[in-house]
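> My questions all concern the structure below.
The values are calculated or read from the model by the stated rules, or taken from the named source; none is laboratory data. Computed from a prediction, not measured in an experiment: that's the story for all the values here. Note that we place each Cβ from the backbone using ideal geometry, even for glycine, and neighbour counts take in every protein chain shown.
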Amino acid sequence: MIKIIYFILSLFLFTISFINQGSAEICKNIQDAYKDFDSDIKKLNKKVNKTKNPNDPNLQAIDEAFVQINQILSVANPSCDKKNLDLLESNLNFLSAMIDKTSKLIPNEYEKDLSKIDISQIKEVDPQIITEISSSMKLRRTDNQQTLLEDMIVLKENGVDVFKINSDLNKKGISIISNEEISEVISKNADDKKLKSDIIKELKLSGATSDEILQLEKGIQLASIQSEKNLKSEDNPIKIERVKPSEKRIDSITTLKTLSLLKINNADDRQPTGVPYEEFSKIENELSSQIKAAGFNQEQSKQVMFNLRTKYVDVWFHAREVYEKVLTNGGTIEQAVSAERDWLNQGGGNFGLKKWIDLFNKNTSTTIEQRYSLKDYLNELNPNQIKVELASADRIAKEAQARVLSYFTVEDPTGERRSAGKIVDEAKAISNKVKESAIKYGINASKAEILASNAAMSYLNTWYAGTLVSEAQLAKGYTWEGVNGADQAVMNWYNSLAEDSEIKKWDARLYNPSDDNDFNDDELDYLPNDEALQKWFSKLNDSDFTKLNPSDQRINSEALARTLSYLKFNDQGNIAGDLGKEVEEIQKSIIDYATSQGIKGKEIEIISTNAVKRYLDIWFEGTLISETELAKGNTWKEADAAVDKWANSLTGDMVVWANLLYGDNERFKADDQFFTKLSNYLLVDLELGKTKSLADPKKDNPNSISKNTWNPKDAIGTGNFKGLSAAEALGSNLSAAVKEIQASLNSGAVIRGADGSAISVEAALSSMPAGGKINPDGTLEPVPSTTVNP
Amino acid sequence: MKKLSFYIIYFFFNTAGFANEKLIKSIDLKIQELGEYSEIKNYPTGFFEVVAKHCEENKDFKCITADVAGKMSAMFNRGETYNQSNPENQLYAMALFEIFYLSNLNNNKYYLTKFKSGWPKEKEFSKQVSNLIKLNESRRKMRETVGLSLSNSPEEAMNAYWNLGTFLSKGTLQKQKVSKEYQEKKNILDSYNNSISKLKSTIQNQELEEIYDYLK
């Protein structure tokens, strides 16, 4: 029995010794290496002690680092237990980082200055690769910094206050790990609450002030945003540069404001009145006297006066649009007046109005004598054949559209914003009659409904197209009657239509060709003719039961009018009402918040102006889409779906602004969600060095508003500011890339890893004696030393 | 009782087996990381201006390899002053190391295949395999300096080194006088750094040393 126990015991000891043989050898290696290290450090300490006390602050800082080396090593020992090895490794990692950062105080004899390199000019270099390398290096650097921080915590727990050492050396210009780097590590490990609290606790204990801790917290937020931004760089194209507002919004509002100064005198003759006509009436007597004095008879004078009125209104209309556009873009009245004056002095753009501008003395850049005058005009005229001056086609098209839309109103008893008005009632009556007749004819109710709806739709489409013609003629100043009258113009238009046009086809379906309809509502002759209907029903085929769409022209025009009807303006021409209040609140919220964060100046002016531009752009486009659906007779549900689809298709900076200003709300709300997003937005763009992308408004757009200080009224912006070119943007990234590379590669002889520790080329080549040919075992034959220049 | 002692013996020997198993797994991984040999097809712009000019036309890998080894070694052996004023030197050398490694992998294909066929029961040609692992570890360290890993292809790595090297070479050389005091401090800092790196490397390379020992 004893023999057996003895045997087992011997076996046990043998086995243990067998297992531990390897680890013992490793421990011996480590202990030997430690012994050498300890001896080296002692020798180096002696060398350090021999150096003189320097006056140079950098040299003093380096000496201070030497002193700290020994303090850090005070807890190091060669014991092979795992805990101690971990502590020793932490020790060496921290020392390595400290020495690396200390070395940076020592200048290199040779350096390559990369600051003036334009990478786009280097054919052999792919900028994308350089940027990718830099990103990879940065990721690796953050990983190494995390290890360094963890090592620092271990060292602190073991009695070496490395946080204080870091803080003290930092004050002398040796930043072993900066607050920014600490922030990056914490934000990268956002879920590791312990890491954050441990680090902040240690920083506080090492004497960090509350302000420094606050800065660190802010840095964590910044790093976290930056990291998110890097991940979603495609989706987050925010730049601090002026955005160009939606041209459609600016032009539509400009025209709306201009047209609002034109009126229609009454429901019967619908003659144009309003500001330009009133202005013209004030000079009419003087003009009349001159015309009479030139020998024109009454009839001829009437035609001349008609021409002059037409051109006066043209000049007024287009000049006013210039003025209103500046205001719509956020300019001041002074700027608007100045822009209008410039436009007049330069001859009125491409509308061919130069001589009329002169004639009405609107060109202030020349003397009256130099200008084309009424006298010149009258001299050119042949009294027996006075040429009719055509009104500006652009003005008439806009005016006619507005006049047609004045027949429509919007009724909202059911909340569905249905189109209303006399013409809509007539369409309903037509629909009812067609439905009733169809059912009576034997067509089933659902099919009769389609026929009725199509008939009403075709009536509205035809009415819209025809009325546009008559209103254009009335806007020109003609009456209903006469060769140039509105009625004749409609007849001419109708006759010009092809026989197989949709309008004529529907005319034949609903009315008897022999009827002389003037669509007089007193006579109810707009109602379909029974005979015509019977004839139509007898020839029905499948295609007749396809639902007819409203004309795009009518719906687009109606939707635009409905959208614009929401807008209200104050005396200064700025948007008022609910939308105006929201715009003010957006500006105020952004400016107040930015000011509270210490951010001010041009960046905030641009951001708040951009915010307002985009808020209005998004509101305008979204409302136009929903009103288009409602004008078609669709429901709010369908309108909302169309808006959602559009919102999901947004691209570029619109996505960011829609998210920031609207979020999940239908309108702007200065709530917590907004301020959180705003905080991220401001921090990302202003504090992460994007200010470079600020465009100089004057440089980029000579027509931009030239104010030295920002006026809150400058809310809607002038657009046309150039963004950064792709090359510039890449240049900015590259500059960061170069910094990253330079931070990671020692510009000296030894290539260093991202953590700053040397990748020992010696170690790398340990398996490879320097040489010129490959040996069978994979090693190299040495290169003769004479071939290698030092 | 005989039965009991058998179990005890089995237990002890099996424990020793666990230690080896872990090491074998580590070696398996290292062998896997060696990768497969494939010739470089596309060389970075300007490559043949630096090395193997006479091989540019047919881009014969053997021709290039023969030139690369000597050139690379010479480049790695350049002094500090040269590297400061020619920062592309070491990066180009690292690019050449990729070719050097591939040629080693190719030259040792036979040994590696034989080793794999007998491994882990036998360790035939383990010295050659150990050398390859050492080279690959060097390759890993070099790649890590520019944020690459062993998962990147040799062509990607070469492109990265070469582009970065060419980019750095375009800077304007500036010379400045470094005072004796600074030079003295620098020497001390370098010495500290070398001592620290040596000890750190000994601790961190324990596993590798075990592998190399095992493959002796």
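> Would you be able to tell me the number of residues in region A:260-291 that are surrounded by 14 or more Cβ atoms within 10 Å (Cβ to Cβ), of a type in the set (D, E, K, R) and without any contact (Cβ under 8 Å) to a residue 12 or more places away in the chain?
Of the residues in that region, 1 qualify.
> Looking at A:S134, A:S79, can you tell me which residue is in a helix (DSSP H, G or I) and small (G, A, S)? Outline the logic, then answer.
Values: A:S79 fails: in a helix (DSSP H, G or I).
Sole residue among the options that is in a helix (DSSP H, G or I) and small (G, A, S): A:S134.
> Let me ask you something else. Evaluate the following for B:N163: is it in contact (Cβ under 8 Å) with a residue 12 or more places away in the chain, within 8 Å of chain A (Cβ to nearest Cβ) and either on the phi > 0 side of the Ramachandran plot or crowded, with 18+ Cβ neighbours inside 10 Å (or both)? Even if it seems obvious, please write down each step before you answer.
Working: in contact (Cβ under 8 Å) with a residue 12 or more places away in the chain: yes; within 8 Å of chain A (Cβ to nearest Cβ): yes; either on the phi > 0 side of the Ramachandran plot or crowded, with 18+ Cβ neighbours inside 10 Å (or both): yes.
Yes: the conditions hold for B:N163.
> In region A:63-82, is there at least one residue being among the hydrophobic types (A, V, I, L, M, F, W, C), touching a Pro at 6+ places or on another chain (Cβ under 9 Å) and modelled with pLDDT of 80 or more? Give the steps one after another, and end with the answer.
Restricting attention to region A:63-82, the residues satisfying the condition of being among the hydrophobic types (A, V, I, L, M, F, W, C) are A:65-67, A:69, A:72-73, A:75-76, A:80.
Still in the running and touching a Pro at 6+ places or on another chain (Cβ under 9 Å): none.
Scanning region A:63-82, I find no residue that is among the hydrophobic types (A, V, I, L, M, F, W, C), touching a Pro at 6+ places or on another chain (Cβ under 9 Å) and modelled with pLDDT of 80 or more, so the answer is no.
> Just to be sure before I move on: is A:K302 surrounded by fewer than 16 Cβ atoms within 10 Å (Cβ to Cβ) and farther than 25 Å from A:T273 by Cα in the structure I sent?
No.
> Go through region A:43-60 residue by residue and tally those that are part of a helix (DSSP H, G or I) and more than 10 Å from chain B (Cβ to nearest Cβ).
Let us first name the residues in region A:43-60 that are part of a helix (DSSP H, G or I), namely A:43-50, A:57-60.
Applying the additional criterion that residues be more than 10 Å from chain B (Cβ to nearest Cβ) yields A:46, A:49, A:57, A:60.
Residues in region A:43-60 being part of a helix (DSSP H, G or I) and more than 10 Å from chain B (Cβ to nearest Cβ): 4 in total.
> Still on this structure, please answer the following. Inspect all residues belonging to region A:315-325 and state whether any of them is under 23 Å from A:E247 (Cβ atoms), surrounded by fewer than 19 Cβ atoms within 10 Å (Cβ to Cβ) and within 49 Å of the chain's Cα centre (by Cα).
no
> Would it be correct to say that B:S38 is touching a residue at least 12 places away in the same chain (Cβ under 8 Å) and among the polar types (S, T, N, Q)?
Yes; evaluated as a whole, the condition is true for this residue.
> Right, another one. From the list A:S437, A:S419, which one is part of a helix (DSSP H, G or I) and among the small types (G, A, S)? So that I can check it myself, show each step before the final result.
Working: A:S419 fails: part of a helix (DSSP H, G or I).
Within the list A:S437, A:S419, the selection yields A:S437.
> Answer with yes or no whether A:E111 is within 8 Å of chain B (Cβ to nearest Cβ) and under 30 Å from B:Y43 (Cβ atoms).
On the way: within 8 Å of chain B (Cβ to nearest Cβ): yes; under 30 Å from B:Y43 (Cβ atoms): yes.
Against the criterion (within 8 Å of chain B (Cβ to nearest Cβ) and under 30 Å from B:Y43 (Cβ atoms)), A:E111 qualifies.
> If I go through region B:169-198 residue by residue, how many of them are outside any helix (DSSP H, G or I) and either basic (K, R) or more than 19 Å from A:E111 (Cβ to Cβ) (or both)? Before the answer, list the steps.
Filtering region B:169-198 down to residues outside any helix (DSSP H, G or I) leaves B:170-179.
Those still in the list that are either basic (K, R) or more than 19 Å from A:E111 (Cβ to Cβ) (or both) too: B:170, B:175, B:177.
Total satisfying the criteria: 3.
> Among the residues of region B:89-104, write down those that are at the interface with another protein chain (Cβ under 9 Å from one of its Cβ atoms) and either more than 16 Å from B:A52 (Cα to Cα) or free of Cβ contacts under 8 Å to residues at least 12 places away in the same chain (or both). Let's see the steps before the verdict.
Step one: filter region B:89-104 for residues at the interface with another protein chain (Cβ under 9 Å from one of its Cβ atoms), giving B:90-91, B:93-94, B:97, B:100, B:103-104.
Hits for region B:89-104 are B:Q90, B:L91, B:N104.
> I'd like to check which helices (runs of 4 or more DSSP H) are fully inside region A:470-573 and have at least 3 residues that are closer than 24 Å to A:T255 by Cα, outside the structural domain of A:E324 (by TED's automatic domain parsing) and touching a Leu at 6+ places or on another chain (Cβ under 9 Å). Steps first, please.
On the way: elements: A:486-496, A:502-510, A:530-538, A:552-564.
The qualifying helices (runs of 4 or more DSSP H) are A:552-564.
> Output the residues belonging to region A:73-108 that are small (G, A, S), more than 9 Å from chain B (Cβ to nearest Cβ) and under 21 Å from A:F163 (Cβ atoms).
Restricting attention to region A:73-108, the residues satisfying the condition of being small (G, A, S) are A:74, A:76, A:79, A:90, A:96-97, A:103.
Imposing the further condition that a residue be more than 9 Å from chain B (Cβ to nearest Cβ) reduces the set to A:74, A:76, A:79, A:90, A:97.
Answer for region A:73-108, where residues must be small (G, A, S), more than 9 Å from chain B (Cβ to nearest Cβ) and under 21 Å from A:F163 (Cβ atoms): A:S74, A:A76, A:S90, A:A97.
> Just one of the numbered conditions (1) more than 9 Å from chain B (Cβ to nearest Cβ); (2) more than 45 Å from the chain's Cα centre (by Cα); (3) closer than 21 Å to A:Q145 by Cα; (4) of a type outside the set (F, W, Y) is not true of A:I69; which one?
Against the list (1) more than 9 Å from chain B (Cβ to nearest Cβ); (2) more than 45 Å from the chain's Cα centre (by Cα); (3) closer than 21 Å to A:Q145 by Cα; (4) of a type outside the set (F, W, Y), A:I69 comes up short only on (1).
> B:N20: at the interface with chain A (Cβ under 8 Å from one of its Cβ atoms), in a helix (DSSP H, G or I) and over 20 Å from the mean Cα position of the chain (by Cα), yes or no? Talk me through it step by step, then tell me what you get.
Working: at the interface with chain A (Cβ under 8 Å from one of its Cβ atoms): no; in a helix (DSSP H, G or I): yes; over 20 Å from the mean Cα position of the chain (by Cα): yes.
Against the criterion (at the interface with chain A (Cβ under 8 Å from one of its Cβ atoms), in a helix (DSSP H, G or I) and over 20 Å from the mean Cα position of the chain (by Cα)), B:N20 does not qualify.
Table: residues versus (1) more than 28 Å from A:V656 (Cβ to Cβ); (2) modelled with pLDDT under 80; (3) aromatic (F, W, Y); (4) assigned by TED's automatic domain parsing to the domain that holds A:S679.
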residue: A:S136; (1), (2), (3), (4): no, yes, no, no
residue: A:L139; (1), (2), (3), (4): no, yes, no, no
residue: A:N144; (1), (2), (3), (4): yes, no, no, no
residue: A:K156; (1), (2), (3), (4): yes, no, no, no
residue: A:A208; (1), (2), (3), (4): yes, yes, no, no
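> Return yes or no: is B:L168 at the interface with another protein chain (Cβ under 7 Å from one of its Cβ atoms), surrounded by 16 or more Cβ atoms within 10 Å (Cβ to Cβ) and more than 30 Å from A:K43 (Cβ to Cβ)?
Values: at the interface with another protein chain (Cβ under 7 Å from one of its Cβ atoms): yes; surrounded by 16 or more Cβ atoms within 10 Å (Cβ to Cβ): yes; more than 30 Å from A:K43 (Cβ to Cβ): yes.
Taking the combined requirement at face value, the residue satisfies it.
> If you check A:V125 against the conditions, is it of a type outside the set (D, E, K, R) and more than 30 Å from B:R140 (Cβ to Cβ)? Even if it seems obvious, please write down each step before you answer.
Numbers: of a type outside the set (D, E, K, R): yes; more than 30 Å from B:R140 (Cβ to Cβ): no.
Against the criterion (of a type outside the set (D, E, K, R) and more than 30 Å from B:R140 (Cβ to Cβ)), A:V125 does not qualify.
> To continue, here is another question. With the requirement that a residue be among the basic types (K, R) and not in a helix (DSSP H, G or I), what does region A:161-183 give you?
As a first pass, look at region A:161-183 and keep what is among the basic types (K, R): A:164, A:171-172.
Answer for region A:161-183, where residues must be among the basic types (K, R) and not in a helix (DSSP H, G or I): just A:K172.
> How many residues does region B:164-210 contain that are hydrophobic (A, V, I, L, M, F, W, C) and touching a strand residue (DSSP E or B) at 6+ places or on another chain (Cβ under 9 Å)?
Looking only at region B:164-210, we keep the residues that are hydrophobic (A, V, I, L, M, F, W, C), and these are B:164, B:167-168, B:173, B:178, B:188-189, B:196, B:199, B:203, B:208.
Imposing the further condition that a residue be touching a strand residue (DSSP E or B) at 6+ places or on another chain (Cβ under 9 Å) reduces the set to B:168, B:173.
The qualifying residues number 2.
> How many residues does region B:176-200 hold that are under 21 Å from the mean Cα position of the chain (by Cα), surrounded by fewer than 19 Cβ atoms within 10 Å (Cβ to Cβ) and facing chain A (nearest Cβ under 7 Å)?
The qualifying residues number 1.
> What's the number of the condition A:G331 fails, among (1) out of contact with any helix residue (DSSP H, G or I) (no Cβ under 9 Å at 6 or more places or on another chain); (2) surrounded by 12 or more Cβ atoms within 10 Å (Cβ to Cβ); (3) touching a residue at least 12 places away in the same chain (Cβ under 8 Å)?
Evaluating A:G331 over (1) out of contact with any helix residue (DSSP H, G or I) (no Cβ under 9 Å at 6 or more places or on another chain); (2) surrounded by 12 or more Cβ atoms within 10 Å (Cβ to Cβ); (3) touching a residue at least 12 places away in the same chain (Cβ under 8 Å) leaves (1) as the failure.
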